[in-house]
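*Asks:* Structure provided below as structure tokens; questions to follow.
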Amino acid sequence: MLIATNINKKFGTLSVLDNVNLEIKKGEIVSIVGSSGAGKTTLLQILGTLEKPDSGNVLINQTDPFLLKNNDLASFRNKNIGFIFQFHHLLPEFTLEENILLPALIHGDSLVEAKKKATELIHFLHLSERKNNKPSELSGGEQQRTAVARALINQPSVIFADEPSGNLDSKNAEELHHLFFQLRKEFNQSFVIVTHNEKLANMSDRQLLMIDGQLKSSE
């Protein structure tokens, strides 16, 4: 479903990624671990098409997104890729429901269609009683589940998560981790997760270790 080949990236003279190769299968949950500064987030940004590699190729569902023009790339990203970040990046002026349905509207769904999709996800994630609340009125766990629903609404091929439980207490973190596997079971959802959380990393189908810009199996 995703193939990255010989990915290289420098910032100035600093080599951040050095010939990184990675394949992700549909429905697979892969964690990437390693020390700060090893290149994990940069790799995630390249795989998620937010940053371009200096060299190498990325294929998502047999499409090289970096060959697309700006508008086509944005459309491809909206349809095929979901993001979950440590800090939820919810829009403070919008309700929980509005935050979730926004990517569907950008995708071109009608408001009726977007609300239908959002309602299903809100129910699935046990957020129905909070759908009209704004982010400031939600707990940390509720905010992160809202971010998960937002990432899911366009049924992306893959979700990239960067330290998704890093800002949560242990109880909410554990609930979020189990949610990822529930989503895989229900929707065959693929995840690539950068994390320092050992429990989450150990739960994954594969755990990859980033050392000095190179990706290695931790097994």
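The values are calculated or read from the model by the stated rules, or taken from the named source; none is laboratory data. Keep in mind that this is a model prediction, so the values were computed, not measured. Heads up, the Cβs are rebuilt from the backbone with ideal geometry, glycines too, and the neighbour counts pull from every protein chain shown. For accessibility, only protein heavy atoms count, side chains too; no ligands or nucleic acids. Shrake-Rupley method; radii C 1.70, N 1.55, O 1.52, S 1.80 Å.
*Asks:* Which value, in debye to the nearest 20, gives the size of the charge dipole of the stretch 1-148 about its Cα centre, when Lys and Arg are +1 and Asp and Glu are -1 at the Cβ?
*Replies:* So the magnitude is around 120 debye.
*Asks:* Now for a separate question. Select one label from [x] 230; [y] 136; [z] 123: the one whose number is volume of the Cα convex hull per residue in Å³ as derived from the coordinates shown.
*Replies:* Label of the calculated value: [z].
*Asks:* Taking every DSSP beta bridge that has both residues in the chain, what percent is antiparallel when rounded to the nearest 5?
*Replies:* 50 percent
*Asks:* Now for a different question. Using only Cα atoms, tell me the angle between helix 96-107 and the longest principal axis of the chain; keep it within 0 to 90° and round to the nearest 10.
*Replies:* In the chain, helix 96-107 runs at an angle near 60 degrees to the longest axis.
*Asks:* Let me ask something else about it. Return the loop-located GluC sites (Glu not before Pro) in the stretch 50-108 (DSSP other than H, G, I, E, B) with at most 16 other Cβ atoms within 10 Å of their own Cβ; answer none if there are none.
*Replies:* Filter output for the stretch 50-108: GLU51, GLU93.
*Asks:* Quick one: angle between helix 111-124 and the longest Cα principal axis of the chain, in degrees between 0 and 90, rounded to 10, please.
*Replies:* Taking Cα atoms only, the helix is inclined about 80 degrees.
*Asks:* If I compute solvent accessible area with a 1.4 Å probe over the protein chains, what percent of it on the chain is carbon and sulfur?
*Replies:* Ligands and nucleic acids excluded, carbon and sulfur give 49 percent.
*Asks:* Nearest 10 degrees, 0 to 90: what angle lies between the long axis of helix 170-187 and the longest principal axis of the chain (Cα atoms)?
*Replies:* So the inclination is approximately 90 degrees.
*Asks:* Output the relative contact order of the stretch 106-219, whole-number percent, from Cα pairs under 8 angstrom with separation of 6+ residues.
*Replies:* Computed value for the stretch 106-219: 20 percent relative contact order.
*Asks:* Continuing with this model, one more query. Positive end of the dipole of the stretch 132-192, charges at C-beta (+1 Lys, Arg; -1 Asp, Glu), about the Cα centre: which of GLN155, GLN182, GLN144 has its Cα farthest in that direction?
*Replies:* Final value for the positive-end residue is GLN155.
*Asks:* A follow-up question, please. Please tell me the relative contact order of the chain in percent, rounded to the nearest whole number, where contacts are Cα pairs under 8 Å and at least six residues apart.
*Replies:* It comes to 31 percent, rounded to a whole number.
*Asks:* Note the full-extension length gain between ASN132 and LYS199 as 0.36 nm times their separation in residues minus their Cα-Cα distance, in nm to one decimal.
*Replies:* Contour length minus Cα-Cα distance gives 20.8 nm.
*Asks:* Per residue, how large is the accessible surface of the chain? Use a 1.4 angstrom probe and give square angstrom.
*Replies:* 51 Å²
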